[in-house]
Amino acid sequence: MNIVLLPILPLLAAIFPPLAIRSGRSLCAVSAAIFTVAALLILAAAAPAIYRGELVQATYEWLPQFGLSFSVFLDGLGFFFAAMILGIGLLIIIYSRYYLSEKDPMGRFYAYLLLFQGAMVGVVISNNILLLVVFWELTSLSSFLLIGYWRALPEGRQGARMALVVTGGGGLLLLAGLLLLGQIAGSYELTEILQRGDVIKASPLYLPMLLLVLGGAFTKSAQFPFHFWLPHAMAAPTPVSAYLHSATMVKAGVFLMARLWPALAGTEAWFLIVSMTGLITMLIGAWIALFKDDLKAILAYSTVSHLGLMTMLLGLGTPMAAVVAVFHILNHATFKAALFMSAGIVDHEAGTRDVRRLGGLLHLMPISATLALIAAGSMAGLPLLNGFLSKEMMLEEVVHTPYAGNPWIMPTLATVGALLSVAYSVRLAIATYLGPVRTDYPHHPHDPPLGLWLPVATLVVPVIAIGLLPAVIAGPVVERTALAVIGGQALPSYYLALWHGFTPALMMSVVALAGGAALLMAYKPLDRLRLAMPRPEAKRIFDRVLDSAARGARIVVAALHTESLPRYFATIIVALIIVGGAGFMTGTHAAGTRAPLPVNGPALVIWATLLATSVAVVVLHPNRLLTLLLTSLVGLGVSIAFIQFSAPDLALTQISVEVVMTILLLLALNLLPRTTPRETGWLRRAWDGVIASVAGLGLAGLAYAVMTRDFQPISEYHLAQSKPGGGGTNVVNVILVDFRGFDTFGEIIVLCIAALAIYALLDSSLRGAAARRLASMRQGEEAADAHPLMLVVVTRVLLPLALTVGAFIFLRGHNQPGGGFVAGLVVAIALLMQAMASGYVWTAERLRLNAHTMLGLGVLLAGLTGLGSLLFGRPFLTSTFGYVHLPVIGEFELASAMAFDTGVFFAVVGTVLLSLAQIARVEARAERKPVPAGPSDIQLRHPAAAVAPPATVLGKEP
Amino acid sequence: MEILVASAIGVLSAAGIYLILRGRSFPVIIGMTFLSYGVNVFLFAMGRLAVDRPPIIASDTTVYADPLPQALVLTAIVISFGMTALIVVLALRGFLETGSDRVDEGIPKLPEPVDERLTS
């Protein structure tokens, strides 16, 4: 079977539990379990190959140009972790079925759990290290969801957020570190990287890379000083704590250190950092665990402590220590998950997890209490249980390890750690299960249903079995896994056994046991001592750091994001001036050689008018109506300039756009304030004037410099091919509909989007605050007639004429100035004139196509014309043309570009009509006086004609 | 003639820039229109100036004005119409919604959500 399915299967299966919950809680659990079992079977199928010492691999390309591929592999280490994740996952699924109450949304729980399971399996079998980071972050995210599963609990939400910030942030460090590692090693595939340990350790980037990678590993595995998130994550439901925060996710950091062991371990830096961090974490975790009263808090800090132990072992950098680390990972997963589940049982049965309110449970719930006691014994490191063996081997290792030249540091601290471990384990066991039966439990406890204690029992079996027969039960697993960890080297000779003789380690164990017992005797004074000492509260520090980060961000945003459009504009323009000025200052400034055109009289008049009008607009801009009129005058001047300089198409377009724009702005001005108040001081105005003048001067100079120089245009091709290739003599139009047809197609789509956005913006303004303001607006009384008779008559007469002009301009467009854009504008103006004279309602009733239809028709027509060329095996929008002979009219040319231009035409008409009609519709809301419904103010035959409903207009019916 | 066109470009753009630096929506819209005039003529001028040589293929001449900047400017004119219409409507809606046509002070702030803290 393909091992890619191992992570994929649980990830995809996450959709089933939320569906299956409708058919009951048991089915929901089964739907989650069945995929976990399937993944386990796939894993089992790969086991024989793994245990023959082979690699099982699968690779799929993902983003090869970034070195990211979906490649996975299984070796001893990956197999060991995957089996642990899926195996314990299955037990947790069973346990959760009985643990969660009726009220908890179980479908969601299993969905999150499966997401986590898939992501976690992905982490341990990734071959590509970038893929590993992807899965790594996925575990952080799914852990966030699981910790915050009880959304109503603030502790859950805050714990989830803290875990996400710490582990997610660590994930970013890891990403940076692994990118560096990939660069150093020259490959992002682990199978390659692990071969190149020498290159990596010799690289000058080794230390920064190591620190980044360890940042990821330490945050995930809750190493000091990042250990604080784990206890807060205990707000999660107990099955989650058992699964993520003891057996699997928090081991991801340890896994990573084991995985990269051949590439990174063995250097001085690795040893000093990793082993000491691990040792400190082990001591601090154990010390805090001793004084906690919440069962889960004790277990959480104990987990921190044991993770420290594993980290320390990997930090030692010797193959033997790696073997012990692997062995302890296995042992810890069994007894700690069992203990967490037992804590859940206690909580479930007795109604509290506070050890001060518990005791004597051995008599009330003998089965689960016995199981828990065995697991606690293993945690304490009592002989005959698996925790004893790995602890012994750990002590044996540190005896041989001097730290910074001192042989006593490591053994002493490790013994203290073991001693504390004994103390908190025994305290937990005594306070919860032993002692007299009490009468004041919140619930009366008794043994839970089979579904709750069976998973615990399943884990306690290996605790004892490995403890008694380590070589038989755990030997092959440890050997195969350790071989994978140390990568290529031969395993040191060792044997897993209960009795190693009177070794120093045994002495240390005895000291630890005796010392632990002594510590418990002195618990009360010790607790007082602890309370007297300063205890930094990680949560408060974390909150303060987060607060100041948020405050800093807010200050930056407040400084940059002033929400003042003029300031943004000024910043952009000043920046442009600086860049342009720098370019100008560093360049050469020779005069151009192109002969200038002679100035003629009319041009001088137009130029003077343009200048005078522009200055007038700047000075008079507070009067808005006047500004608008002057602006249209400038537009007129610009179109005359286009005529002068051989651009008839531009002139036509400019002048038609000018008309439409002026109508649009007039309509808008009707609702906006009529004047602009002078609010800025003279200094600010002078400054703005300087910016504007300098920018204008720069543009003028640039334009002049370009215009006085000769150049080789690229349009020779267009001029030469216009007639033979595009079938038209108007080169500008041929470029628009043929050479650059795709641009034009995109452009009409933009126009349609703008029109629809306008429609949407104003359509929704007929409700809410905007509608209330419209209703309260006072309308001026500029005109007495709603439909002036003269205007009505003239526009009626002009309509056929205007439409004919539109059709004429459209048809000649391919060969003479004109075309779809101009024709569309002309026709739109003709229709607008009707609307202005006779009212929008009257016009809309007579218009066969509404504006929305025209928009759709335009884009569709243009698009279909383009697609048509595909039928003939040509690229999109290739045009064709032919000559058609019709009687009377004679021979004329028919180009497929004509159909495209028709599309342009409809899009333009639709855009103009829709925008203006929509503004008019809004205006109608502000209309105080009733407007006659008919086309004329004089009622001819139906004196009782209704008053127009204000909302019905040219566009779509409301 | 070039000097006239160049200076016109400069004046149109300068007027446009001065107006977009105002604090109300309507002058900003008018400023945008002026800036479009200036930029369109600027783009057009990149094809150099030519008198009486429209780019319409005829049998009696071989020299034409550069058609490419003209095609670009033609679409630019239409697009800037569409965009101006959009910002006019945005300004209109903003005014109707808030009763103010200022563009230099942002929208009223909403109250910040209260931070939650673990009580431990």
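Please treat every number below as a calculation from the coordinates, not as lab data. Here the structure is a predicted model, which is why all the values come from computation and not from measurement. Ideal geometry is used to build each Cβ from the backbone, glycine not excepted, and the neighbour counts take in all protein chains shown.
Here are some notes:
- Highest-first arrangement of A:279-291, A:491-503, A:466-478, where packing means the average Cβ count within 10 Å: A:279-291, A:466-478, A:491-503
- Using C-alpha pairs under 8 Å with a sequence gap of at least 6, the mean separation divided by the residue count of chain A gives a relative contact order of 7 percent.
- Reported value for region A:773-864: 150 Å³ per residue, from the convex hull of its C-alpha atoms.
- Neighbouring Cβ atoms from other chains, within 10 Å of the Cβ of residues in A:817-825, number 2 on average.
- Taking the Cα centre of the protein assembly as shown as origin and assigning +1 to Lys and Arg Cβ atoms and -1 to Asp and Glu Cβ atoms, the resulting dipole is close to 2180 debye.
- When chain A is described by a simple charge dipole with +1 on each Lys and Arg Cβ and -1 on each Asp and Glu Cβ, the residue from A:625, A:832, A:325 located farthest towards its positive end is A:625.
- Hull-based mean projected area of the protein assembly as shown, where the convex hull spans the alpha carbons, in square nanometres: 59.1 nm²
- Computed from the C-beta positions of residue B:62 and residue A:872 and an R0 of 35 Å, the FRET efficiency is 0.60 to the nearest 0.05.
- Taking a Cβ cut-off of under 14 Å around residue A:310, the surrounding Lys, Arg, Asp and Glu residues balance to a net charge of +4, with basic ones at +1 and acidic ones at -1.
- Selected from A:790, A:20, A:841, residue furthest toward positive end of dipole (the protein assembly as shown; charges at beta carbon): A:20
- Every Cα-Cα pair of region A:268-521 was included, and the share exceeding 27 Å stands at 35 percent.
- Relative exposure of A:312, A:777, A:585, A:898, judged by other C-beta atoms within 10 Å (fewest first): A:585, A:777, A:898, A:312
- Exposure proxy for A:198, A:785: other Cβ atoms within 10 Å of each Cβ, ordered fewest to most, give A:198, A:785.
- Alpha-carbon centroid distance for the pair region A:318-334 / region A:245-270, whole angstrom: 12 Å
- Near the amide H of residue A:623, within less than 5 Å, lie the amide hydrogens of A:676, all on another chain or at least 5 residues away, with H placed in the peptide plane.
- Averaged over B:41-52, number of beta-carbon atoms from partner chains that fall within 10 Å: 6
- Taking a ≥ b ≥ c as the square roots of the eigenvalues of the Cα gyration tensor, region A:273-418 is classed as prolate, since a/c reaches at least 1.5 and a/b is larger than b/c.
- Summing +1 for each Lys or Arg and -1 for each Asp or Glu among the other residues whose beta-carbon sits under 13 angstrom from that of residue A:217 gives +3.
- Residues whose placed amide H lies under 5 Å from that of residue A:128, excluding near-sequence neighbours: A:71, A:190
- Other residues whose C-beta falls under 12 angstrom from the C-beta of residue A:300 contribute a net charge of +3, scoring Lys and Arg +1 and Asp and Glu -1.
- Anisotropy class of region A:128-241 from Cα gyration tensor, a/c 1.5 cut: prolate
- Neighbour-count ranking [beta-carbon atoms within 10 angstrom, fewest first] of A:341, A:162, A:836, A:521: A:521, A:836, A:162, A:341
- Span per principal axis, largest first, for the Cα atoms of region A:640-748 (Å): 61, 39, 28
- Phi to ³J(HN,Hα) by Karplus 6.51 cos²θ - 1.76 cosθ + 1.60 over region A:564-570, Hz, x for Gly, Pro: 10, 4, x, 5, 4, 4, 4
- Mean projection area, nm², convex hull over Cα of region B:1-42: 2.3 nm²
- For residue A:816, distant residues with modelled amide H under 5 Å away: A:730
- 27 Å Cα cut-off, lysine pairs counted over chain A (separation 8 or more, or different chains): 27
- Counting Cβ atoms of other protein chains within 10 Å of each residue's Cβ and taking the mean over peptide A:622-633 gives 2.
- Within chain A, helix-based [θ] at 222 nm, where runs of 4 or more DSSP H residues each add -39,500 (n - 2.57), nearest 500: -22500 deg cm²/dmol
- Positive dipole terminus of the protein assembly as shown, leading residue within A:172, A:107, A:369 (C-beta point charges): A:369
- The share of C-alpha pairs in region A:216-323 whose separation exceeds 16 Å stands at 53 percent.
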